[in-house]
Amino acid sequence: MDLPRYHRLTAPYYRLEGQRCKECGAVQFPPRGTCGACRSQQMETYRFSGRGTIFSFAEVAQAPKGFSAPYLVAMVELEEGIRVTAQLTDVDVEDVEIGMPVEMVTRRLQEKGPHGYLVYGYKFRPVLKQRRAS
Amino acid sequence: MRDVFIIGTGQTPVGEHWDLGLRELGASAIRAALDDAGVETVDALFVGNMLGGCVNGQENLGALLADAADLLPAEAWKVEAACASGGAVVRAAALSVAAGIHDVAVAVAVEKMTDAVSEQVTAGLATASDGDYEASHGLSFVALSALLMRRYMHETGASREDFAPFAVTAHRNAAANANAMFREPISAEDFARSPLVAAPIGVLDAAPISDGAAAVVICSREALQPHHRPVRISGVAAATDTIGLAGRADLLTLGAAQRSAEKAFAASGFAPKDMDFFEAHDAFTIITALSLEACGFAPRGEALKRAAHGCFSPGGCVPLSTFGGLKARGHPVGASGAYQIVEAAMQLRGEAGANQVPNARVALTQSVGGHGSIAVTHVLEA
């Protein structure tokens, strides 16, 4: 990923920052020009909690350039009601199932950028047991 | 808008063409289609292609192929709609003729994938998805299909093996197609045993990386000649959906496929029940199932049950992918939509030989790009 593009994406990548509509209250990720629900342009920054459940998942055996297989990917349904696609981390495929609670973590996304820097962003992992208990 | 007709078809065999590049493949299909139509030249050339820039390092395919096929100085440019480029380019040519701008146009779709190594092609295919929020996170094109398939299995209770009929039928249909890449039959057991590419997707769920080009010559009613055996484009429509899969309200409804099919049916005056066969975008077995449901050939979640009853096999209610489909004829990605239309036209002209659907009069083709973010649907009539 080229550096200016990475720079543009740091808010959503690092903090799962999307938007909330000031008029209808709908939330969305990723950020865009208008509200997907009511087309209002009155949008404010909204930081998602990062908690959700697995909606679907897959295990990649053949990686695209810049990634090393095998790794897990998922569509996560966030507790705010919208979905996001991301990698799963800190879990084996045998232990993943649809409906499983997960939480966002910040991890290295790409092995090495074409210019040597590292690209960080959100991934999801199973909710840690101690947090689940609290 | 004027009525438009297909009056010539051409195609190269699909496969690994080590001796042929974009230029040779494209020009070969164009010349074959012009010869079939019995025309010397055309008013315009439209080129469908997805990966020319990122895999072949060649853009400006309009001029490249107008030059290579001796069509200079015809208007010529490229149409790109990811994996639906082949359907979109035929629509672009048809629009130009319907609008009265051109009388005779040729649409060619070409893809040259085997010059690059697998990871480069995989990265190229991923450009059909959301670059910022899917591809950059390692969501390969196959991985996104796998998310669809896993969810479909979860909601319908289907097993991986239940998807086998689509691949088995495709390989059986390809056996007699001299232009097909895979002409060997496979069994449901072969399907079940195939290695996983992105679980739950296995090798035999997926269409292969291929080279190939297909072309059609399109003209107005006024330009028809007595020697032509025209196939009418009775209805055609395109529609879009969210670029990212996560944005879909119902992940298992391909909204663009559904909308484009509804509009194409409405324009043609036909309904799904009138279709004598269906050339589906079977890039992955899950996409076949979702496309069938989007076009009204099965209710939501029911496509596999109908497949199990033989509904989509030769002689069934809607024969599918009659020359082998993307799965077995091969999937030169931006060209496949044009192969579907060439094959449908051959069926409707009674030129399909051993693959002939008896008394075929009306057919549907659907070209799907980017996991349903774009779809182009054609209704063709003998």
### Task
Please report, to two decimal places, log10 I(q)/I(0) for the protein assembly as shown at q = 0.06, 0.10, 0.12 Å⁻¹ as given by the Debye formula with identical point scatterers on the Cα atoms and no solvent.
-0.28, -0.76, -1.07
### Message
Nearest 500 deg cm²/dmol is fine: what mean residue ellipticity at 222 nm does chain B get from its DSSP H runs of n ≥ 4 alone, each adding -39,500 (n - 2.57), divided by its residue count?
### Response
-10000 deg cm²/dmol
### Message
Using the Cα centre of the protein assembly as shown as origin and beta-carbon charges of +1 (Lys, Arg) and -1 (Asp, Glu), tell me which of B:V42, A:F29, B:S313 is placed farthest towards the positive end of the dipole.
### Response
A:F29
#### Entry: Fraction of antiparallel bridges per DSSP, chain A only, in percent to nearest 5
95
### Query
Mean 1/r over all different Cα pairs, inverted: what Kirkwood radius does chain B give, in Å?
20.1
### Message
Suppose we look only past 16 Å in the calculated P(r) of the range B:141-195. What percent of the Cα-Cα pairs does that tail hold?
### Response
54
### Message
With the alpha-carbon atoms as the only input, what is the per residue convex hull volume for the range B:219-326 in Å³?
### Response
136
### Task
Order by neighbour count: A:H7, B:H171, B:H281, fewest other Cβ atoms within 10 Å first, most last.
A:H7, B:H171, B:H281
### Task
Please turn the phi angles of the range B:240-249 into ³J(HN,Hα) values with the Karplus equation 6.51 cos²θ - 1.76 cosθ + 1.60 (θ = phi - 60°), one per residue in order, whole Hz, x for glycine and proline.
10, 9, 4, 5, x, 5, 5, x, 7, 4
### Message
Suppose a student asked you for the relative contact order of chain B, using Cα pairs under 8 Å spaced at least 6 residues apart; what percent would you report?
### Response
26
### Phi to ³J(HN,Hα) by Karplus 6.51 cos²θ - 1.76 cosθ + 1.60 over the range B:224-232, Hz, x for Gly, Pro
5, 10, x, 7, 6, 10, x, 10, 7
### Message
In whole Hz and in residue order, list the ³J(HN,Hα) couplings for the range A:11-28 that follow from phi through the Karplus curve 6.51 cos²θ - 1.76 cosθ + 1.60, θ = phi - 60°; x for Gly and Pro.
### Response
5, x, 5, 7, 10, 6, 8, x, 9, 10, 7, 5, 8, 10, x, 5, 10, 8
### Potential lengthening between B:K273 and B:Q120 on full extension [0.36 nm per residue; Cα-Cα distance subtracted]
50.9 nm
### Query
Per residue, how much space in cubic angstrom lies within the convex hull of the C-alpha atoms of the range A:1-121?
109
### Message
What's the whole-number percent of alpha carbon pairs in the range B:1-158 lying beyond 22 angstrom?
### Response
48
### Relative contact order for chain A, counting Cα pairs under 8 Å that sit 6 or more residues apart, in percent
21
### Query
Rg and Dmax of the range A:78-129, using alpha carbons, in Å: what are they?
13.0, 38
### Task
Rank B:A303, B:A238, B:A257 by how far each Cα sits towards the positive end of the charge dipole of the range B:228-316 (+1 on Lys, Arg Cβ; -1 on Asp, Glu Cβ) and give me just the farthest.
B:A238
### Query
To the nearest 20 debye, what charge dipole does the range A:3-133 have about its Cα centre, counting +1 at the Cβ of each Lys and Arg and -1 at the Cβ of each Asp and Glu?
600
### Query
Given q = 0.13, 0.20 Å⁻¹, what are the Debye log10 I(q)/I(0) values for the range B:1-57, with equal point scatterers placed on the Cα positions and solvent ignored?
-0.43, -0.88
### Query
Excluding B:K273 itself, what net charge comes from residues whose Cβ is under 14 Å from its Cβ, given Lys and Arg +1 and Asp and Glu -1?
0
### Message
Using a 7 Å offset from the Cα along the Cα-to-Cβ direction at both A:D2 and B:A249, what is the distance between the two label points in nm, to one decimal?
### Response
3.6
### Summary
Amide H contacts under 5 Å for A:V102, restricted to residues at least 5 apart in sequence or on another chain and with H modeled in the peptide plane, are A:G52, A:T53, A:I54, A:V127
#### Entry: Point-to-point label distance, B:E40-B:N60, nm (Cα→Cβ direction, 7 Å offset)
2.8
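Since every read-out is calculated from the coordinates, none of them should be taken as a lab result. For clarity, every value in this text was computed on a predicted model and none was experimentally measured. Positions of Cβ are generated from backbone atoms using ideal geometry, with glycine treated the same way; all protein chains shown enter the neighbour counts.
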